[in-house]
Amino acid sequence: MLVHQSTRGCFKEYFIHKFRAMLGKNRLIFPGEKVLLAVSGGPSSCSMLSQVQEGLSQNAHKKLRFLPGIVYIDEGGAVGQSVEHRRRTVEELRAVFRATGFPFLMVPLEQVLDLPSSVVLSAPGAPEQEAGAYKAAVDHFLLSDGSSGVTAGQQQETPPPEVQEAHTHSLQRLLGSARTLTAREELLNILRQHLLVHTARSAGYSKLMLGDSCTRLAVKLLSSISLGRGAQLAHDTGFSDSRYGDTILVRPMRDYSAKEIAYYNRMFSVPSVFTAGLDTKTADKSSIQHLTESFVIKLQADFPSTVSTIYRTSEKLQSCKGSASAGGTENASAFSATLISEQLSQTKSPGESRQAPEWTAPASQCCSIVGGELCGNRGGGGCSSAKASEPPPLRSLLCYSCQLTIKDMSSEEVLPQYILSEAERRLRRSQLREEIRDFLLEDEADEG
């Protein structure tokens, strides 16, 4: 690639400035804070790693002040790779990580089967900072020692645990229970995010940095709407995601297009390692996610403003923080409209016996396994229902998108134990709440 030297220099300064401006504008990462970088080996996450390494170097104009670590989730078992193939990929990435001098973790996806139930709970986070807290923290950090870098001598390498063949088979059986590639990709995203959050919590990291690019987020926005995840779009595509409480997910690469990242990596020799996914070498119509990606990329080729337009739309989205009792948003949601339509379609003629509609969680209590908590976690308890002799099913605790994923599975028994245990606990809590319902004070009574 023949590029004038001055053009290279300007592009590099522009690329670096955009990364640091994104972090500086949001002011979520405080000096001295531990930040875990989720690196998959792809161009975007490796470029993110390069930007952090550049920002912590001695000759950086405005140095980054946090303490980075790296985590790689080995998903080879999910896509059916051999042990030797997985070992080669891990070794290639280990060489890349060692060159940075940062501590790193290599975690196989099979560990998700042994996670505790607490991973789907929103842990108490740090109290909200005051307006001048960030500047005060920077001043205190500079006066204390002024050092934020991690030298090669401080690097810690945690060897990857041995993966049991039985766990690999269980993981493959779990993903194989989904009948469509769309459901398998959704399920894999859920498991990956839970494992990343658990790893960050266990290692003492308060921030988890993801490498989602502008192009990737544009595809995610459209595919999430198609999959019924509209209520979670603000968290899934925004700069920060605080649904887990003590661990905040941040996306500093969200202003970069995939083309910008590819040019930068090529011009400045940023190493990356290809890792196969579930949709590798599949047709465009094999899944909703893959079809949406193909649609956006082809449209972007003819209309260069496609990705930026979709991305700017996602910036305007906000999550609903109000409760169902304040404002009555529960009955006015699109999810409730879907449930009403489903119940009306199942209504029989007056002469026939009418089947009771399936018990379903209120939309206001929806967020999911996907968002870091089973639906019904908001508000401090499980979902409530009309009194019934039979316990409500697992799907009653899930948001609409997760209900579709579970519905597409051949069996719910293959789900990880931490999900089943937490679901059982919340179902019991829901039944107990229903039993003492007549003795509880309503919000209207308290206000009177």
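The values are calculated or read from the model by the stated rules, or taken from the named source; none is laboratory data. What you see is a predicted model; the values in this text were computed from it and never measured. Positions of Cβ are backbone-derived with ideal geometry, glycine not excepted, and every protein chain shown enters the neighbour counts. Side chains included, ligands, DNA and RNA excluded: accessible areas come from the protein's heavy atoms. Shrake-Rupley method; radii C 1.70, N 1.55, O 1.52, S 1.80 Å.
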- Neighbours by Cβ (under 8 Å, 6+ apart or cross-chain): first from region 291-312, free of Cβ contacts under 8 Å to residues at least 24 places away in the same chain; second assigned to a helix (DSSP H, G or I) and β-branched (Val, Ile, Thr): Leu299/Thr306
- Item | Matching entry among Phe11, Phe102 (being touching a strand residue (DSSP E or B) at 6+ places or on another chain (Cβ under 9 Å), among the aromatic types (Phe, Trp, Tyr) and farther than 30 Å from His169 by Cβ) | Phe102
- Item | Segments classed as helices (runs of 4 or more DSSP H), wholly inside region 204-280, with at least 3 members that are over 14 Å from the mean Cα position of the chain (by Cα) and over 18 Å from Thr306 (Cβ atoms) | 258-267
- Note on the structure: Checked Ser240, Ser272 against criteria (in contact with a strand residue (DSSP E or B) (Cβ under 9 Å, 6 or more places away or on another chain), over 19 Å from Ile190 (Cβ atoms) and touching a residue at least 24 places away in the same chain (Cβ under 8 Å)); the one match is Ser240
- Item | Tally, over region 1-50, of residues that are open to solvent by 70 Å² or more (accessible area, probe 1.4 Å) and among the hydrophobic types (A, V, I, L, M, F, W, C) | 3
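Rundown of residues vs (1) among the hydrophobic types (A, V, I, L, M, F, W, C); (2) within 26 Å of Arg229 (Cβ to Cβ); (3) at pLDDT 50 or above; (4) open to solvent by 30 Å² or more (accessible area, probe 1.4 Å), yes/no style:
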residue	(1), (2), (3), (4)
Arg354	no, no, no, yes
Ile369	yes, yes, no, no
Cys383	yes, yes, no, no
Glu390	no, no, yes, yes
Pro393	no, yes, yes, yes
Ser396	no, yes, yes, no
Glu435	no, no, yes, yes
Leu440	yes, no, yes, yes
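To keep it simple, each residue is scored yes or no on (1) of a type in the set (A, V, I, L, M, F, W, C); (2) open to solvent by less than 30 Å² (accessible area, probe 1.4 Å); (3) under 29 Å from Glu91 (Cα atoms); (4) at pLDDT 90 or above.
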{"residue": "Leu222", "(1), (2), (3), (4)": "yes, no, no, yes"}
{"residue": "Ser240", "(1), (2), (3), (4)": "no, no, no, yes"}
{"residue": "Thr247", "(1), (2), (3), (4)": "no, yes, yes, yes"}
{"residue": "Val250", "(1), (2), (3), (4)": "yes, yes, yes, yes"}
{"residue": "Phe268", "(1), (2), (3), (4)": "yes, no, yes, yes"}
{"residue": "Val273", "(1), (2), (3), (4)": "yes, yes, yes, yes"}
{"residue": "Ile288", "(1), (2), (3), (4)": "yes, no, no, yes"}
{"residue": "Asp302", "(1), (2), (3), (4)": "no, no, no, yes"}
{"residue": "Ser305", "(1), (2), (3), (4)": "no, no, no, yes"}
- Item | Filtered residues of region 198-219 (kept if touching a helix residue (DSSP H, G or I) at 6+ places or on another chain (Cβ under 6 Å) and either of a type in the set (A, V, I, L, M) or crowded, with 23+ Cβ neighbours inside 10 Å (or both)) | Leu208, Gly211, Ser213, Cys214, Thr215, Leu217, Ala218, Val219
- Query: Is there a residue being of a type in the set (Gly, Ala, Ser) and open to solvent by less than 20 Å² (accessible area, probe 1.4 Å) anywhere in region 51-60?
  - Reply: yes
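With respect to Ala78, determine if the residue is of a type outside the set (Ser, Thr, Tyr) and at pLDDT 95 or above.
When the stated conditions are applied, Ala78 does not pass them.
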- So is Gly153 modelled with pLDDT under 95, open to solvent by 40 Å² or more (accessible area, probe 1.4 Å), under 30 Å from Gln58 (Cα atoms) and of a type outside the set (Ser, Thr, Tyr) or not? yes
- Item | Scan of region 97-113 for residues that are open to solvent by 10 Å² or more (accessible area, probe 1.4 Å), aliphatic (A, V, I, L, M), in contact with a helix residue (DSSP H, G or I) (Cβ under 7 Å, 6 or more places away or on another chain) and part of a helix (DSSP H, G or I), ordered by number | Leu113
